[in-house]
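Okay, so here's the structure we're looking at.
Just so it is clear, none of the values below were taken in a lab; they were calculated from the coordinates. Here the structure is a predicted model, which means the values were calculated and not measured. A quick note on method: Cβ atoms are made from the backbone with ideal geometry, for glycine too, and the neighbour counts reach across all protein chains shown.
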Amino acid sequence: MEEQKETEKAEIYSQRVRAGKRTYFFDVKSTRSNDYYLTITESKRRFKDDGFTYEKHKIFLYKEDFEKFLEALKESVEYVKTELMPEYDFSQFSKESSSEDEIDSELKWD
């Protein structure tokens, strides 16, 4: 177990995006050979009888795929905004509420 912790990838940078009951984490990490990659983690809060737990889903994105990923994401979002929902005001979701900040501040990762 101790050996596993020592070989964990070093985290360089982290960005958190709160989205209702979900939180997205964008973490830049490095390998031992100073190569960099991004992990994107979706965390969903699930209520149980004795409280709540978090369900995590993770994507690993490697540097050689950054540009392709960004382009596909940008095109997909733009398609939804312009073709599927052109009348919808997406700007209403650009601000976070302070109550969400308090609720999600307990999130901690390994």
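Couple of notes before you dig in:
- Consider segment 41-57 and keep the residues that are within 19 Å of Tyr24 (Cα to Cα) and among the basic types (Lys, Arg). The one that is surrounded by the fewest Cβ atoms within 10 Å (Cβ to Cβ) is Arg46.
- Condition check for Glu71: farther than 18 Å from Lys21 by Cα and free of Cβ contacts under 8 Å to residues at least 60 places away in the same chain: yes
- Among the residues of segment 34-57, just one is on the phi > 0 side of the Ramachandran plot and assigned to a strand (DSSP E or B), namely Gly51.
- Residue check, Arg18 touching a residue at least 40 places away in the same chain (Cβ under 8 Å) and in a strand (DSSP E or B): yes
- Scanning segment 58-74 for residues that are assigned to a helix (DSSP H, G or I) and surrounded by 10 or more Cβ atoms within 10 Å (Cβ to Cβ) yields a count of 10.
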